[in-house]
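Take a look at the structure set out below.
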Amino acid sequence: MSELATYNFAYLDEQTKRMIRRAILKAIAIPGYQVPFASREMPMPYGWGTGGVQITAAIIGPKDVLKVIDQGADDTTNAVSIRAFFQKVANVAVTTHTADATIIQTRHRIPEAKLKENQVLVYQVPIPEPLRFLEPRETETRKMHALEEYGLMHVKLYEDIARNGRIATTYAYPVKVAGRYVMDPSPTPKFDNPKMHLSDALQLFGAGREKRIYAVPPYTEVVSLDFEDHPFEVQRFDKPCALCGAEEVYLDEVILDDKGGRMFVCSDTDHCEDRRAHGHVGAMLATEAAE
Amino acid sequence: MSTTPLLKVKDISKFYGGRTGCRDVSFELWPGEVLAIVGESGSGKTTLLNCISTRLLPTTGSVEYHMRDGVYRDLFRMNEAERRFLMRTDWGFVHQNPADGLRMTVSAGANVGERLMAVGNRHYGNIRETAIDWLGRVEIDADRVDDQPRAFSGGMRQRLQIARNLVTGPRLVFMDEPTGGLDVSVQARLLDLVRGLVHDLGLSAIIVTHDLAVARLLSHRMMVMKDGQVIEQGLTDRVLDDPREPYTQLLVSSILQV
Amino acid sequence: MYVAVKGGEAAISNAHRLLADRRRGDRSLPAIGIDQIVAQLTLAVDRVMAEASLYDRALAALAVRQSRGDMIEAIFLLRAYRTTLPRFGYSRPLDTAAMKIERRVSATYKDLPGGQLLGPTFDYTHRLLDPSLLTDAPVEEAMLRPAEGERVMRVSEILAEEGLIEGDGELPLDHEIGDLTREPMEFPMARDLRLQALARGDEGFLLALGYSTQRGYGRSHPFTGEIRIGEVEVELDVAELGFAVSLGPIQVTECQMVNQFKGSAKAPPQFTRGYGLVFGQSERKAMSMSLVDRALRAGELGEDITAPAQDEEFVISHSDSVQSTGFVEHLKLPHYVDFQAELDLVRRMRRDYEAGRDAGNDAITEAAE
């Protein structure tokens, strides 16, 4: 039986990293365009972040500081697992603090803290093609992107309004990048779309199973699709975070008991902890302090 | 009346191995003119239509179109992007089976509005109003705007298909047996509608049909096809009232006199 | 007081430990040996090698043990390992005509040179559970006879002599062999990449698709021209030596289907083909693969594409078990952020509906007053 292999820094061999970096460069050169790449089999299942992991593995260096979040939290199981993977195969420093990270790999959320020029945000993407559920054939959607034929996308939004009185897409809300390609921002809630626009940071998107990489370079226009008379709107929450009192942030609903008791807390756990460390207090903690 | 033809078709032939689809067809089409291509099934008329409208690549021959900027373009030398754009804006294609020319799972309003959205229209209210206006012009009730064509009768679907094609103000419309499969009374109503629209909008049209009555009602000129070739052509009234070729005489005399 | 749930790391670590414990099971029982798995669960090992596209019986057996017998999990393990291996190049095409045959059957001829050799097949066994396998009852040794050592001609060669069957499939001379695991997948696909995808494809999925063609969803009138199972040499051209070096034998299963003839007045009719080739002994997979290969050639052969098995994008996009299971099972991951967005929308729409209804009722009440 053959000797089991020892692994290269960050697991992928250098040839593969080079291949992925070339794809990343192409993606940056054509913002929002999906670059096909030869996605490798990774030690975690397809659909569980292999695209994001391959991008991170291709760009990470010994001096990087890595943060991994899922649903905005550092401590969800998949984020823990991916972070542990990179600690094992790259031995890099890891952090939960957004401001200290150089690479942030994320699933379904953009951190609340504004990102900076030296930071890279790596998104995990399940279905990269924004037109996929309108047109299942890849051969057709490729043509539509090449010919900038996005009428079908607006038909979908029109139908939403005709049927529901409003656009019914609440996450993976399609955007137009640098005025040319329509892109799927990954299943982040539409609440996060404005954060992609003119960001100081580099945004990379990896779809391992579907074998596509795309990118939004820093300071790129990212505009959510809408109609003039039905403009794009973010979600609003009625109350601030019950733990830290933050407003204008995305909140998670937590069920407290079986009588319908519920509360809303920051989805971005680092943001919440940071605020509490600086003395901000939300309604729930204030009540308990009083008791 | 314009002095330049809208469409110049030269020596179009389409062969499938040893079989002839159509052969050596040439003609010119003028703005505002309606041409009927008439023949029985297997005559090659649909093949010809598909070649002229670039849905099929002919074996030989050329088709030149007079663009809005005044230049003649050889359609088969255009790249796909240009051809697709032309098909969406300056042309229409009405299929025999309306389901082939509509999105069946999307509302009537969206079907009509799609081309407007495809060319950059971004005001929902305006798109919807334009769609309702067009539905009215093809005699579909405004309150059906949010219904899907799946719920429409054959005649209504066909009228919807026509509205979908005309909303961008095309100059040339191709029609493949537009009344095929419809009840006689529904056909009559549809033909009346098409005749009115073609006249009001100054459209050019090429209509393939096996039904001489359709040709009589709608077209200025007609071509009779048999076995892939044009055996007679001329002004519609002349051809139908005074057919010269034996085959044409046969066709004309076969119409039941009721 | 609500405390944000923490301890994901601890939970995962405990889960791994519990898994290892369950995998070993009752400590009073002997651990299953890798050689036992290779020798006695051979067909499981073969399937893992085939779908992982890596020929190494011991590693495949390790994967089977590590996965507790979950085949797709084992295939995943072996695939992930394969990714890390360096490439030396491409072997010469396997010469299956020179196979050391263990099993060879043909449905198209009653008898033919080389004969019908049944080999170690389940065919014709009666599917009755055998109590003697509950214990370690002694099993007779097989009878052997010396190998004839002759090349056994292929059934397709017999047909080809009369010009009755189409050629073996040609690609242009300058065509570089594609590698599905090294290139992004794009449609339409060349046949070499398609066959690679089918060779790695999930046996159950291809079986169902092959079955569907037999039931009329893209019928191709298949006859099994030949199935042969045995060992073939893998040869590598070494530039410095100037000749090919044998890397050793591997066992493969090959299936040639003879399908619906095609022809016209201009081109006299010939039978068409479907092809299947798999590592190890796996007839079901090789046969299914050949049926689906033929179905996917529908466009090339000028047939109408009407059935799922003929739809290249559909078949190839969904044939990979590791991809399918990854995406299906990813639904277990937290999706509460997006679900929150949907909750918000639905609540809002219900409020609008109720407000509209109340306004309607008020209007009626007012009108009534």
Worksheet item: Can you list the strands (runs of 3 or more DSSP E) found entirely within region B:39-117 that contain at least 3 residues being in contact with a strand residue (DSSP E or B) (Cβ under 9 Å, 6 or more places away or on another chain) and surrounded by 15 or more Cβ atoms within 10 Å (Cβ to Cβ)?
Response: B:60-66, B:91-94
Fill in: Residue ID - nearest to the other protein chains (Cβ to nearest Cβ), chosen from residues in region A:159-190 that are over 21 Å from A:T141 (Cα atoms) and in a loop (DSSP other than H, G, I, E, B)
A:T170
Worksheet entry | Hits in region C:283-296 (condition: over 10 Å from the mean Cα position of the chain (by Cα) and buried (at least 24 other Cβ atoms within 10 Å of the Cβ)) | C:S290, C:L291, C:V292, C:D293, C:R294, C:A295, C:L296
Response to the item:
Within region A:243-272, residues out of contact with any strand residue (DSSP E or B) (no Cβ under 9 Å at 6 or more places or on another chain) and either exposed (fewer than 11 other Cβ atoms within 10 Å of the Cβ) or on the phi < 0 side of the Ramachandran plot (or both) come out as A:E247, A:E248, A:D257, A:D258, A:K259, A:G260, A:H271
Worksheet entry | Given (1) open to solvent by less than 30 Å² (accessible area, probe 1.4 Å); (2) out of contact with any strand residue (DSSP E or B) (no Cβ under 8 Å at 6 or more places or on another chain); (3) more than 9 Å from chain A (Cβ to nearest Cβ), number of the condition C:V38 does not satisfy | (1)
Worksheet item: Within the group A:A101, A:A201, which residue is within 20 Å of A:D75 (Cα to Cα), buried (at least 19 other Cβ atoms within 10 Å of the Cβ) and either within 14 Å of chain B (Cβ to nearest Cβ) or among the small types (G, A, S) (or both)?
Response: A:A101
Worksheet, complete the sentence: Among the residues of region A:56-98, the number that are touching a Ser or Thr at 6+ places or on another chain (Cβ under 6 Å) and open to solvent by 50 Å² or more (accessible area, probe 1.4 Å) is 0
Item to complete: Please name all residue pairs, on different chains or six or more residues apart, with Cβ atoms under 7 Å, provided the first residue is in region B:154-165 and is open to solvent by less than 30 Å² (accessible area, probe 1.4 Å) and the second residue is of a type in the set (F, W, Y).
Response: B:L160/B:F152; B:A163/B:W134; B:N165/B:F93
Worksheet item: Scanning for something touching a helix residue (DSSP H, G or I) at 6+ places or on another chain (Cβ under 6 Å), not acidic (D, E) and not in a helix (DSSP H, G or I), does region A:17-34 turn up at least one residue?
Response: no
Practice prompt. Could you tell me which numbered condition C:F76 fails, if it satisfies all but one of (1) aromatic (F, W, Y); (2) modelled with pLDDT under 90; (3) crowded, with 17+ Cβ neighbours inside 10 Å?
Written response: (2)
Discussion item. Checking C:E157 against (1) in contact with a helix residue (DSSP H, G or I) (Cβ under 9 Å, 6 or more places away or on another chain); (2) closer than 30 Å to A:A38 by Cα, only one condition comes out false. Which one?
Written reply: (2)
Discussion item. Among the residues of region A:5-46, what is the count of those that are surrounded by fewer than 21 Cβ atoms within 10 Å (Cβ to Cβ), aromatic (F, W, Y) and either modelled with pLDDT of 95 or more or more than 20 Å from A:I60 (Cβ to Cβ) (or both)?
Written reply: 1
Fill in: Number of positions in region A:128-154 that are open to solvent by 40 Å² or more (accessible area, probe 1.4 Å), within 14 Å of chain B (Cβ to nearest Cβ) and not hydroxyl-bearing (S, T, Y)
9
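Listed here are the residues, each with its yes/no results for (1) farther than 22 Å from B:M67 by Cα; (2) in contact with a Ser or Thr (Cβ under 7 Å, 6 or more places away or on another chain); (3) within 14 Å of chain C (Cβ to nearest Cβ).
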{"site": "B:F15", "(1), (2), (3)": "yes, yes, yes"}
{"site": "B:R19", "(1), (2), (3)": "yes, no, yes"}
{"site": "B:D24", "(1), (2), (3)": "yes, yes, no"}
{"site": "B:F27", "(1), (2), (3)": "no, no, no"}
{"site": "B:W30", "(1), (2), (3)": "no, yes, no"}
Worksheet item: Assuming C:Y353 fulfils every condition listed in (1) at pLDDT 90 or above; (2) assigned to a helix (DSSP H, G or I); (3) open to solvent by 80 Å² or more (accessible area, probe 1.4 Å) apart from one, which condition is it?
Response: (1)
Worksheet item: Which of (1) in a helix (DSSP H, G or I); (2) open to solvent by 20 Å² or more (accessible area, probe 1.4 Å) does C:P184 not meet, given it meets every other one?
Response: (1)
Discussion item. Could you tell me how many of the residues in region C:318-347 are more than 18 Å from A:N78 (Cβ to Cβ), more than 7 Å from every other protein chain (Cβ to nearest Cβ), surrounded by 14 or more Cβ atoms within 10 Å (Cβ to Cβ) and without any contact (Cβ under 8 Å) to a residue 12 or more places away in the chain?
Written reply: 0
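The values are calculated or read from the model by the stated rules, or taken from the named source; none is laboratory data. Predicted model, so just to flag it, every value in this text is computed and none were measured. Positions of Cβ are backbone-derived with ideal geometry, glycine not excepted, and every protein chain shown enters the neighbour counts. For accessibility, only protein heavy atoms count, side chains too; no ligands or nucleic acids. Shrake-Rupley method; radii C 1.70, N 1.55, O 1.52, S 1.80 Å.
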